[in-house]
Structure formats: structure tokens, C-alpha cells
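K.L.:
I'd like to ask you about the structure that follows.
Only the coordinates and a few stated rules stand behind these numbers; no lab work does. Everything numeric here is computed off the predicted structure, so don't read it as measured data. Backbone-built Cβ (ideal geometry, glycine too); neighbour counts: all protein chains shown.
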Amino acid sequence: MSVVTRFAPSPTGYLHVGNLRTALFNFLIARKAGGTFILRFDDTDPERSRPEYVEAIREDLEWLGLHWDREEHQSARLERYADAADRLRAMGRLYECFETPTELDLKRKKQLNMGKPPVYDRAALRLDEAERERLRAERKGYWRFLLEHKRIEWEDGILGPVSIDAASVSDPVLIRADGQVLYTLASVVDDIEMGITHVVRGADHVTNTATQIQIIEALGARPPAFAHHSLLTGPKGEALSKRLGTLSIRDLRAQGIEPMAILSLLARLGSSQPVELCHSIDEIAQGFDLSSFGAAPTKFDPADLRPLTARYLQSLPYEAVAGDLRAAGVPDDLAPAFWQVIRENVETRADIARWWSIAAEGATPAVDDEDREFVAEALKMLPPPPFDETTWKTWTEAVKERTGRKGKALFMPLRKALTGQSRGPDMAALMPFLRKVPTRV
Ligand code: GLU
């Protein structure tokens, strides 16, 4: 049986590290097995779904390199859901209810006060036809799936054996009073009809899974393999949900974080395997092992993405950054050598343009007061550009001779005067690229 997975975002916001984890796991399972990965937009809620988020999610997945084989939109499949609802109705598994949200709320409060779990009491099932007619004339009904009261069990790819007593769960609402088909049904119909074999999603869906297994079986299909990954928390274990807005993939991209850094981290975080920087999606897929993930909440620290990004960029051969060097204005004949000189000082791609600007346009010299005289003296001894590989050594030796300074006291003020930075590439190697240097300070 060939593996088919799906990522099913609701287009109500941007892709963030939390839902990207779901996307990535499903993508990797399909990729590793040579199967199919479907991008499915759960867009049955017309009030909350937005076309601009559909576009943004697509764009972010493309940027990350998580390409999908097929795209589906639930909004285009409404008649399939209506059809499934009819079948469930015909077998007596979908029943009409009339309680208002306020009435339901009241019921829940009463149950809780009596120390009972707030499970829907199925009062609607006890209505006779006349009462139903009377209520229908008053308000529109909504529809619940009738759970079979027995234990629902499955072998979870991450949680291990799960067993949930169906009687402890409310019969799920599948169709709202306004006729809108809800996620629980739409998702099941799609998973069946699209031949989904594996579903990985967040642990917040465990109860949904239990009810969905019964709906799948009622519709005459076999449930896919389910796995529920733990939810991400901040570095101190705090809930991440409120911060997810600032952890959107587009924010990370704007900060210069590289796709490979994000994917390498998320493919391992929360598993028993160490985080390893990978250089391709296939490398990540090869090492991916769902069974190595644990059920405990997973700590995520966005700060970890910076060193991974730097290490990734520093490992790149010239060909992989040629476009960035060109965009920064580095002439093609100088670019390979310039990359060798700056690469260890590149932490994000923006640093390429920053170092080229320092070289080509000159930097604002950084000179400490106590070094002012020394730097002024030294600059008088520096010949005008162009420089070559010997310039730095010849110059600093002459300056040392004249001023008596040596070591850091000699080199650091000169580096800061020429580049405006206290850290940077080897100065002897950088000198041939410096076109503008200060003549006085
Ligand atoms: N649209 C649902 C969500 O974003 C999909 C859950 C699922 O994978 O079934 O939570």
C-alpha cells in the first residue's frame, strides 16, 4: 500500500513553528516512503478562512522546500460531505439537536456542579416527532454523530496504545445549524476518499481522533495510522500559543533564518535523536523516525535557529551563494575569493551584502578616544588602495616599529578603523578587497 499523508491547515493565519511541525512530519513520512503528500486547506469556515492565508501558507511551504504532490480545498468538496451526512443519517448515526449555546452551557454547568463530566446528555434523542416539529418551526437544528458507547482504541505512532471511553466524550457536532459542515466530518470524508494512510497531528486532536475513528468505521472505511505529537512550549516550558504569532515562518525568514536550520531543528526536537544540521530534505527524511518522539511537551527556543543558520551558511560552497554575492554587487571575478574570505563571519545572508558594502564603500571607522592619535598616525603610513595580500603585514609591521604597540593593542584599533567592526574576517585576506579606507580620523 503506498503511503499518502496530508497537511490540513485552516487558512486562518500564517504558518508558524507549531503547525509547521505537523506539516514537516507528514511530509517526511511520505518522502521517506516515496509516497504522496497532499496539501489540504480546511477552509469550510467562510468567516475565518482567507485567500491571502492560503497564498501565504503555500509560499512559506515552498520557501521551506516542502513541496506537495496534490492540493485540495474542502470548500470545493461540500457535496461530498453532504453525501456522507446523508448516509450517516440513513443509518441512524446522525441526529438532530435543538439546544441553543446558552442551554448547552447551562447543562454543562449543572453537570460540573454535580461533579459529573460535561458530556452531552443526548436529550435530543428523546424528543418525539411532534416536539421536533415544534422546535424546527422555532429554530434550525444542528446535527450530532451518535457515538457507540464502548472503548475506542488505537496504536498511536507516538503515544503508543490509546484507549478512550466513548461514553466520556460528547457526541460530536458534525453540522451546524447554519448548515456548515464541521471539521470532524469533512476531515474524515477527505481522509477516506483521498486514501490517507497516515495522520500525524498535535496532541490536542486526540479526542477528535477517537470520535473520528467511529465515524470512519460507520462510513465503512478503515482508519489510517494515527500519531499525535506533543505540543511545543517556550524554553522554560511556558505555553507557546500566545507567542506563535511572532514565530511565524515569515518572521523567521525576515530575520534571516534559513529553511535548513528550521527543518533540521524541528525534525529532531522532542525526539531521542540529537539535532543535526542537514543539507537537504532527503537527508532529513532519511534520518527521520517518528517512533523516536516522546509524548512530553517539547521545548522550543527560537534562539537555537541562529547558530544553525550560521553553521549552514558557512558550510555552503561558492556556487550556493553566488546569487547572493551577485545581488550584493560583488563582481563575478572577485566573488569566489571574497566568499572564502568572509564565509566564517556570515551568520545570515544579509551579512554578505554588509561585508561587501564595508569593502566597496568603506565603513564608518570605529575609533576609541585612547586610540585616536595612534590610528591617525597609522593611517598616514597606509598607502592608498588597491591593496594586496602583503599590505596588512607590511603596514602593521611598520606601525609597530614606529609606535611600539604590539598584539591586540596594535591590531584591534586598526581593524576597527578600517572595517568599523571589532570582529570580522582575517585582515590580511580582507585587505585586497578594501577599496575605500579612511585617510584620517
Ligand atoms: N485543520 C485542522 C487543524 O489545523 C487539521 C487537523 C488534522 O490534521 O486533522 O488543526
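K.L.:
Based only on Cα atoms, what mean projected area does the convex hull of region 198-321 have, in nm²?
P.N.:
Quarter of the Cα hull surface area: 9.6 nm².
K.L.:
Once the Cα atoms of helix 391-403 and of the chain are each reduced to a long axis, what angle between those two axes, in degrees from 0 to 90 to the nearest 10, is obtained?
P.N.:
60
K.L.:
Which value in Å does the Kirkwood hydrodynamic radius of region 318-441 take, with 1/r averaged over all unlike C-alpha pairs and then inverted?
P.N.:
Evaluated on region 318-441, it is 14.9 Å.
K.L.:
In degrees between 0 and 90, to the nearest 10, how far off the longest principal axis of the chain does helix 206-218 point, with axes built from Cα atoms?
P.N.:
Tilt relative to the chain: about 50 degrees.
K.L.:
Okay, moving on. I'd like the trypsin sites (Lys or Arg not before Pro) in region 361-433 restricted to DSSP loop residues with at most 12 other Cβ atoms within 10 Å, sorted by number.
P.N.:
Here the trypsin sites (Lys or Arg not before Pro) that fit, given the DSSP loop and packing criteria, are Lys406, Arg423.
K.L.:
To continue, here is another question. Can you say what percent of the DSSP beta bridges in the chain, counting only those with both residues inside, are antiparallel? Round to 5.
P.N.:
50
K.L.:
Relative to the longest principal Cα axis of the chain, at what angle does helix 129-138 sit, 0 to 90 degrees, rounded to 10?
P.N.:
In the chain, helix 129-138 runs at an angle near 50 degrees to the longest axis.
K.L.:
OK, next. Relative contact order of region 221-309: what whole-number percent is it, with Cα pairs under 8 angstrom and at least 6 residues apart?
P.N.:
Once normalised by length, the contact order is 41 percent.
K.L.:
So, one more: Could you name the aspartates and glutamates whose alpha carbon sits less than 18 Å from that of Lys236, not counting residues in the same chain fewer than 8 places away?
P.N.:
Here the aspartates and glutamates satisfying the reach criterion relative to Lys236 are Asp301, Asp304.
K.L.:
How high is the relative contact order of region 233-389, in percent, with contacts defined as C-alpha pairs under 8 Å that are six or more residues apart?
P.N.:
20 percent.
K.L.:
Which one of Ala167, Asn345, Leu277 is farthest out on the positive end of the charge dipole of the chain, using unit charges on Cβ (Lys, Arg +1; Asp, Glu -1) and the Cα centre as origin?
P.N.:
Asn345
K.L.:
Shifting gears a bit: Using amide H atoms built in the peptide plane, which far-off residues or other-chain residues are under 5 Å from Leu182 H to H?
P.N.:
Excluding prolines and chain starts, which carry no amide H, the hits are Ile175, Arg176.
K.L.:
Shifting gears a bit: What is the sum of charges around Ile152, taking Lys and Arg as +1, Asp and Glu as -1, for the other residues whose C-beta is under 11 Å from the C-beta of Ile152?
P.N.:
Here the count lands on -2.
K.L.:
Could you list, in their original order, any pairs among Lys32/Lys299; Lys408/Lys436; Lys400/Lys436; Lys109/Lys140; Lys393/Lys436 whose Cα atoms are separated by more than 21 Å?
P.N.:
Lys32/Lys299; Lys408/Lys436; Lys400/Lys436; Lys109/Lys140
K.L.:
Explain nothing, just the number: relative contact order of the chain, from Cα pairs under 8 Å at least 6 residues apart, as a whole percent.
P.N.:
13
K.L.:
For region 344-391 and region 24-82, compute the distance between their C-alpha centroids and round to whole Å.
P.N.:
Comparing the Cα centres of region 344-391 and region 24-82, I get a distance of 49 Å.
K.L.:
List the GluC sites (Glu not before Pro) within region 211-290 that fall in a DSSP loop (any state other than H, G, I, E or B) and whose Cβ has at most 14 other Cβ atoms within 10 Å.
P.N.:
Glu238, Glu276
K.L.:
5 Å is the cut-off here: which amide hydrogens, built 1.01 Å from N in the peptide plane, fall below it relative to Ser10, excluding neighbours closer than 5 in sequence?
P.N.:
The answer is Asp42.
K.L.:
Right, here's the next one. Express in whole angstrom the spacing between the alpha-carbon centres of region 96-155 and region 194-258.
P.N.:
28
K.L.:
Find, to one decimal place in angstroms, the Kirkwood hydrodynamic radius of the chain, where the mean of 1/r is taken over every pair of different Cα atoms and then inverted.
P.N.:
Kirkwood hydrodynamic radius for the chain: 26.3 Å.
K.L.:
Further question on the same structure: What do the square roots of 5 times the Cα gyration tensor eigenvalues come to for region 5-55, in whole Å, largest first, as semi-axes of the equivalent ellipsoid?
P.N.:
Whole-Å semi-axes of the equivalent ellipsoid: 23, 11, 7.
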